[in-house]
Structures are given as C-alpha cells and as structure tokens.
Amino acid sequence: MMPVARAAFDVDEVRAAFPILSRTVRGRPLVYLDNAATTQKPASVIASIVQYYTELNANVHRGVHELSERATDAYEAAREGVKAFFNAADHHEIVFTRNATEGINLVAHAFARPRLKPGDEVLISAMEHHSNIVPWQLACAATGAKLVVAPITDEGELDLDAFDRLIGRRTMLAAVTHMSNALGTITPAEDIVRIAHAKGVPVLLDGSQAAYHMRVDVQAIGADFYVATGHKLYGPTGIGVLYGRSELLEEMDPFLGGGDMIASVTFERSTWNELPYKFEAGTPHIAGAIGLHAALNFIESIGLDRIADHERMLLEYGTALLEGIPGVRIIGSARRKGSILSFVMDGIHPHDIGTIVDREGVAIRTGHHCAQPVMERFGVPATARASLAMYNTTAELDALGAALGHVREVFG
Ligand SMILES: Cc1ncc(COP(=O)(O)O)c(C=O)c1O
C-alpha cells in the first residue's frame, strides 16, 4: 500500500488563526515562547465564548426553557469532545474541573484520603509540578501516610527500575507526570501503568503538558486517572479535565458538596447524582467547557501528529541553537522530550536573562517553574525556559538566540 502523505504543515496559516500573534510588544513583533505556562487562543475559541454569551447564555441541567436546553447541549457536547480527544470509554468518565490542579486535588480528597491508612504510601516522581506534590503531602499529613519519591536520572528521565522497586505493599497510589514542565521529559506512561498495575497500584497521570503536544489515549495507556488543563490546550483558563475510570469514580464519594451533584437532599442525608455530575458541584464553567471544545476541535483540525512533527523540528533546531551559544547549558536531555528548552547561562541569573530578552519582545519564563525539587535535583536556583507550541517558528528561535547574544554582551 502506498504510504499516505501528511498534508504540509503551514505554520503561517496556523499563526493566522491566533489574533494575539500579530501584536507587538515593546515595539517588536511578539515572540511568544512561554507556552508551557499557557498557550495563546485561536480566534475560533474566542468566538465560541463570545457566541455563548451573546446567543446561548443560561444555566445548564436545570431549565426546561430553550436557552437552558441549548446551553446544556453545548456543555454536554463539550464533554463528548473531551471524551473523543482522550479516547475515554464513556463520557461519564470525564469530569470538568477548574484546572489540572483541581483534578489532582479531587483525586487526593475523594479517592486517596478515605483509603490511606497510617504507614501507607503515595509514590510520585522527582520531576513533579507542585500541583502533583502538595495535594499528596496534604493527604499524607492528614492520614499518617508517607510520600515516596522515585528518582530521576541526570538526563531528567524517570528511573523506572527505582520506580518499580519503590512500589511496595503499602503503596496506595502512584501519581506521575506525563511530561515535565521544567525539563520537557515525556515519561513512559504505558510502562508506569504496567509496572504499577502488576502490583495492584492505581495510577494518576498529570497530562497538563503532554496533552497539547501528543495524542493521549487514556485507554491505551491504561491510566486510572488522567488530568489536563484547558488553558494549555489552546482553550480558556478556569476549565480543566479529570478523566477517571468509571469503577473508581463510582466508588468515590464527592469532593465538593452543593447544587447539581445531588440526587436528593433532606436535612438528615443527601444522595449523590450519577457520574460525572457527582463531582461537578455548583454552576460549572459553561463558557469554559464550550471554549475548550472549540480548542480541541481546532487542535484536531491541524492534527496532533503534524503538531508533534513541527514541534520536534523546533526542539531540534532550538537545542542546536542554544548549544551553540557559549556558556549556555540545557537542563533536561531526556531521549523522549517535548518542546521545552530549560537552560542556564554561566554567571547570569535566569531573571536577568528573562528581563533582557523581554526588551526585544521575546517572552520566556524564568524561575523554578513550580518545580522547586527539580531545580534542587539539578543544583540550580532557577532556569530560563523557552517552551514551544504549534505556532512557533525557527525565525522566533533565531530571535531568542539573538536576544541571548545581547544578554551575553550586557554581562560582558
Ligand atoms: C506538569 C504540570 N502539572 C500541573 C500544572 C498545573 O496546571 P494548572 O495551574 O492549570 O492547574 C502545570 C502548569 O504549569 C504543569 O505544567
């Protein structure tokens, strides 16, 4: 059979879909390389939110009137869109949250806390975002359980043998990132799940970074829980996704109590609504879900495989470019890596790097990236981070390179 050629990826066409990319910053064209913090929004996402508030605005699930029904349909269609995007088996397994952080806290409260006993363990990795550390610390502190941390290698890869060894009789849950925001490492999600499941341990994967760079199939991975956050998926802020396997979500008590999550309420006792509403207390972020749906449709219209190819090319280009600048050291050189370039420059604080390149319209992030233990692991207080998305170009990486040249000049 003839191989099917992928349609060419036209980055200019992609860029034209994002209104903000045509603005200037400090008198220069915006070079936005802070995508791991949040991505920009295509016009279709912005339009979907405007359209919702202009034509459909009503509360969901409760009304019998036309607008409420239509808003409910749009909100539930968004759930179907998320289900398809992550290939979940059932839309009941998709819970809308505020962000990835809330998804992890939901699992920590509603799944882990009631099950953790003194001496039990929660296993994470040494490259987690604070969002996948602190909820477990709180859960451990409340229950007498222990947080165990699987080490990472000098390249920034998860030490899978150590991960395997650290899963013991007392391990109640493993919670690991699918892609590190500080290093770019893509972790071997299928292996993590296979190893943990062989010992009867459920797995939560933090897909905040992975989900907008690569196709994620929660059934193929076998994850028990998977979290993602809308604003990194080219969607709005304030909307996130928790995928949970039905059996586990069914067993769990609610996280937050209030309207919409109940079947019945008396002063003596309440009963819970069916999945996923049991976990969606109060009026949800309807516009956010609709905007996220538009964002997922936009991603699919470009194609995750083509996005991944483009970003791989950018990562290779950017890596070579940074390696060619004297005194620059890249932190994180995993074999499987997403389009994140974390780096330090000899004798120059990352904040100074960020401030100087900003004067040239180049937006990068500097600091610990909400991953202080990663900084400690690599013996640096902070890094500068250029993180790339589907609309970035090699010319923008050249602009970063030139700006870093100026940083070098300023610091002699
Ligand atoms: C790996 C990772 N996990 C979790 C989060 C938290 O995402 P949010 O703040 O949207 O909940 C982030 C955000 O930077 C992240 O990069």
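The values are calculated or read from the model by the stated rules, or taken from the named source; none is laboratory data. What you are looking at is a predicted structure, and each value in this text was computed from that prediction instead of being measured. Because the Cβ atoms are built from the backbone with ideal geometry, glycine has one as well, and the counts that use them run over all protein chains shown. Only protein heavy atoms, including side chains, enter the accessible area calculation; ligands, DNA and RNA are left aside. Shrake-Rupley method; radii C 1.70, N 1.55, O 1.52, S 1.80 Å.
When only residues in the stretch 108-138 that are among the charged types (D, E, K, R) and assigned to a loop (DSSP other than H, G, I, E, B) count, which is nearest to Thr187 (Cα to Cα)?
Glu128
Residue check, Ala210 against (1) open to solvent by 10 Å² or more (accessible area, probe 1.4 Å); (2) within 15 Å of the ligand (Cβ to nearest atom), all met but one. Which one?
The number of the failed condition is (1).
Any idea how many residues of the stretch 126-178 are among the charged types (D, E, K, R) and within 16 Å of the ligand (Cβ to nearest atom)?
2
Identify all residues within the stretch 232-275 that are closer than 15 Å to Phe111 by Cβ and assigned to a loop (DSSP other than H, G, I, E, B); write none if there are none.
Arg245, Met252, Asp253, Pro254, Phe255, Leu256, Leu275
In the stretch 276-298, how many are within 16 Å of Ala77 (Cβ to Cβ) and assigned to a loop (DSSP other than H, G, I, E, B)?
Within the stretch 276-298, residues that are within 16 Å of Ala77 (Cβ to Cβ) and assigned to a loop (DSSP other than H, G, I, E, B) number 4.
Scan the stretch 153-190 residue by residue and report those that are part of a strand (DSSP E or B) and open to solvent by 10 Å² or more (accessible area, probe 1.4 Å). Show your work before the answer.
Keep residues of the stretch 153-190 that are part of a strand (DSSP E or B), which gives 158, 171-177, 179, 185-186.
Selection gives Leu158, Thr171, Met172, Ile186.
Going by what's in this entry, would Asp191 be described as away from the ligand (no atom under 14 Å from the Cβ) and under 20 Å from the mean Cα position of the chain (by Cα)?
Values: away from the ligand (no atom under 14 Å from the Cβ): yes; under 20 Å from the mean Cα position of the chain (by Cα): yes.
Yes; evaluated as a whole, the condition is true for this residue.
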